[in-house]
Amino acid sequence: MDTAILSKTDRGDSPAGGIKESYPVTGMTCAACAASVESILKHTEGVTEASVNFASGSVLVEYEDVLEPSDLREALQSVGYDLIINVEDPAEVQRELQHKHYQDIKWRTIWSAILTLPVFVLGMFFMSWVPGQWISMAFTIPILFWFGRSFYINAWKQARHKKANMDTLVALSTGIAFIFSVFNTIFPDFWHVRGIHPHVYYEAATVIITFISLGKLLEERAKSNTSSAIKKLIGLQPKTLKVIQNGEEVEMPIAAVQKGFTIVVRPGEKIPVDGAVVRGSSFVDESMITGEPVPVEKVVGSEVFAGTVNQKGSFQFTAKKVGDETLLSQIIKMVQEAQGSKAPVQKLVDKIAGIFVPIVIIVSIATFSTWMLTGGDDAFTHALLTSVAVLVIACPCALGLATPTAIMVGIGKGAENNILIKDAESLELGHKTNAIVLDKTGTITKGKPIVTAWHWENENNYYKEMLLAIETQSEHPLADAVVVKLKEEGFKPEAIESFQSITGMGVEAQSVEGEVFYVGNQRLLASKKISVSTVQADQSSHWRSQGKTVIFFASSRSVLAILAIADEIKESSAKAIKSLQNRGIRVYMLTGDNEQTAKAVADKVGIENYKAEVMPSEKAEFVKALQEQGKVVAMVGDGINDSHALAQADVSIAMGKGSDIAMDVAKMTLITSDLLAIPKALKLSRKTVQGIRQNLFWAFIYNIIGIPIAAGVLYSYNGFLLDPMIAGAAMAFSSVSVVANSLRLKTAKL
């Protein structure tokens, strides 16, 4: 196996001769935080490069050797972030902190929602009830300043660096709404003597905090799923292993094993490190690497790889690669790197917010100043009301709802159609897909070998029952397909006297009557000088041309039967592929299987572009090459061996009956084996993105029209000034528009 492409490390000397190292980062809550961490480190003296991976919560830093990791940590701690250094297991410490952070957000969201409900009811239905205003104020204080304190803390951090994001907008609008409401609650006469009824906006402030907290919770859950894929990959490697020392078996931790150690592997055990077999033989399930369902035979000299699973036999092998050098470790690193932060819709919203917030603040200040200078006798009253109206009508509630509501409805719609969508990134890119890469085994095919045809020279039930008896005792993976077929036909195994495995060729068995039988390949027949007739040879050749595996069942004198075994193609595969091609999407098939089988499957389902005998890393390289051609690539797979390619693709789709790791890495999962769900998933993506864009339009159009009116541009024409209460209603209506528009997606036809 060529693993050269996997030889890559994230630690060591940088090209400039300094140090290059990856550290876990804590305290990042959004893409803007990741940008801040990157910016702060890049501006630290001695740092030549810094690259943050928001998904994995880590930063890869290149710095001069005059710096210490503690210097980098100090730079980040000054602005509220932290680096995990000088601990035995940084990844574990980071996982514990992330779990704690997720639980913290979860409880804050739940309590915010519980306390917001009475505030909302009082604000919407009993707005003039004076005691209700005091009750609302009491409930609002903990929501804003305890459960929602992170928004104000993060906004302050951003402000210290002269930056703004959604947190700034949330803190500013809810803070102003709260302060204005508190003033009106305590000093209502200030407005009464001026002929104005004082309104409060507690419900607006609390609903904003609760909804935005819910969005943060969904984001943290998505990140948690991402890291769980890495944890499961790490879990494929056993923690202990047995080595031969001084002629005896000794159990030791995986960290203590060194190159050259002789390791013992028993039936059902996972192989701990990479190496070569020196004694014994067995079949090993390498589907995590190759994706092929049929276990591979291992004899003396064969290579074995960490994380793969031994079947029924036992063997010893010499360790050749340990620790970070193993193929499994390289796959883990590549998945971590490929899962790097990409631009979800929310990042665009943060960017817009970064421009929008300063503009709103400037407009509010300008409004206040203008009215103070030109407002005459009521200058202060008008200045205060209009500047507050500007801030209230510019509230980010609709902006904050635009993405999560469309995503939530889209997720629900997808679930109804067996499509599970994890994040906005897939929704953003899915409809742009113009190239789709399909894994063969388990995606286009069913992933389970079956007997597709057989030819018996004599329909004798005794021989069929004898074959069932022999295959029941066989360790060969294809034997299961024969056993299933014969049992389905209603046969029961005959008694046999003896059974012997012949490595690389098949098995030999003897009945209680003393008759000898053979099951295996053509080499076995040749070694026993059993001739194959022309009809049998032509039949087996025809089956092989269709990509099927052929096995022979013979007595000591002649061939009794030949059987064709293949991984069957799913009923909907050809139709789904034609549907994708009709949309102008170029379809590719990759497989670790041989050229003959790959061609046979590709021809049957109508795929012109296919590649056989592909290794896992080559799948990711294939996807990358398509991306470099400017294509938006969707990858569909079901195995651990597809995880790197899934992480590399712009849109990753896992088959629901595949491995947990593939589903964790993929951004979409089809809870069905029906490939027709793929065109539906891409259509759902287009519909959902349309919904998000329409929501953003509605969120901004109210501001574009409402802010100038709130500032008082109509006053000089008709004397109209927007009351902050009407501004609040307009803001609420914009939120209703956004939610109603998102709900339209429920009726969309996929």
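Only residues that are in contact with a strand residue (DSSP E or B) (Cβ under 9 Å, 6 or more places away or on another chain) and over 18 Å from Glu459 (Cβ atoms) were counted across segment 480-513, and they come to 22. Condition first: touching a residue at least 60 places away in the same chain (Cβ under 8 Å) and either open to solvent by 50 Å² or more (accessible area, probe 1.4 Å) or touching a Leu at 6+ places or on another chain (Cβ under 8 Å) (or both). Now tell me which residues in segment 468-484 satisfy that. The answer is Glu475, His476, Val482. Within segment 560-612, which residues are open to solvent by less than 10 Å² (accessible area, probe 1.4 Å) and either touching an Asp or Glu at 6+ places or on another chain (Cβ under 6 Å) or under 30 Å from Ser329 (Cβ atoms) (or both)? Hits for segment 560-612 are Met589, Leu590, Thr591, Ala598.
The sole residue among Thr174, Thr140 that is in a helix (DSSP H, G or I), modelled with pLDDT of 80 or more and out of contact with any Gly (no Cβ under 8 Å at 6 or more places or on another chain) is Thr140. Considering only residues in segment 613-642 that are of a type in the set (A, V, I, L, M) and open to solvent by 20 Å² or more (accessible area, probe 1.4 Å), the one that is nearest to Trp543 (Cα to Cα) turns out to be Met615. Quick one: is Ser541 of a type in the set (Ser, Thr, Tyr) and part of a loop (DSSP other than H, G, I, E, B)? No; evaluated as a whole, the condition is false for this residue.
Considering segment 424-442 alone, what residues qualify as being open to solvent by less than 30 Å² (accessible area, probe 1.4 Å), at pLDDT below 85, under 19 Å from the mean Cα position of the chain (by Cα) and not small (Gly, Ala, Ser)? Within segment 424-442, Glu425, Leu427 qualify. Given the criterion at pLDDT below 75, among the aliphatic types (A, V, I, L, M), surrounded by 18 or more Cβ atoms within 10 Å (Cβ to Cβ) and more than 28 Å from Lys624 (Cα to Cα), identify the matching residue among Ala383, Ala338, Ala353, Ala319. Checking each option against the conditions leaves just Ala353.
Across segment 595-632, what is the total count of residues that are of a type in the set (S, T, N, Q) and either in a helix (DSSP H, G or I) or in contact with a Gly (Cβ under 8 Å, 6 or more places away or on another chain) (or both)? So that I can check it myself, show each step before the final result.
The first filter runs over segment 595-632 and keeps only residues of a type in the set (S, T, N, Q), leaving 596-597, 609, 617, 627, 629.
Applying the additional criterion that residues be either in a helix (DSSP H, G or I) or in contact with a Gly (Cβ under 8 Å, 6 or more places away or on another chain) (or both) yields 596-597, 617, 627.
Qualifying residue count for the region: 4.
Checking the structure you have, find out if any residue of segment 678-695 is surrounded by fewer than 22 Cβ atoms within 10 Å (Cβ to Cβ) and in a loop (DSSP other than H, G, I, E, B). No; the residues of segment 678-695 include none that is surrounded by fewer than 22 Cβ atoms within 10 Å (Cβ to Cβ) and in a loop (DSSP other than H, G, I, E, B). Restricting attention to segment 507-540, the residues being under 18 Å from Ser474 (Cα atoms) and among the polar types (S, T, N, Q) number 4. Summed over segment 29-60, residues that are modelled with pLDDT of 85 or more and surrounded by 18 or more Cβ atoms within 10 Å (Cβ to Cβ) total 2. For segment 722-736, the condition of being in a loop (DSSP other than H, G, I, E, B) and either more than 43 Å from the chain's Cα centre (by Cα) or at pLDDT 75 or above (or both) holds for at least one residue. Looking across segment 485-507 at every residue that is surrounded by fewer than 14 Cβ atoms within 10 Å (Cβ to Cβ) and part of a strand (DSSP E or B), the one that is modelled with the lowest pLDDT is identified as Gln500. There is no residue in segment 108-130 that is surrounded by 21 or more Cβ atoms within 10 Å (Cβ to Cβ), touching a Cys at 6+ places or on another chain (Cβ under 9 Å) and in a helix (DSSP H, G or I).
The values are calculated or read from the model by the stated rules, or taken from the named source; none is laboratory data. If you're wondering where the values come from, they're calculated on a predicted model, not measured in any experiment. Note that each Cβ is placed from the backbone with ideal geometry, even for glycine, and that neighbours are counted across all protein chains shown. Heads up: the accessible areas ignore ligands, DNA and RNA and are worked out on the full protein's heavy atoms, side chains in. Shrake-Rupley method; radii C 1.70, N 1.55, O 1.52, S 1.80 Å.
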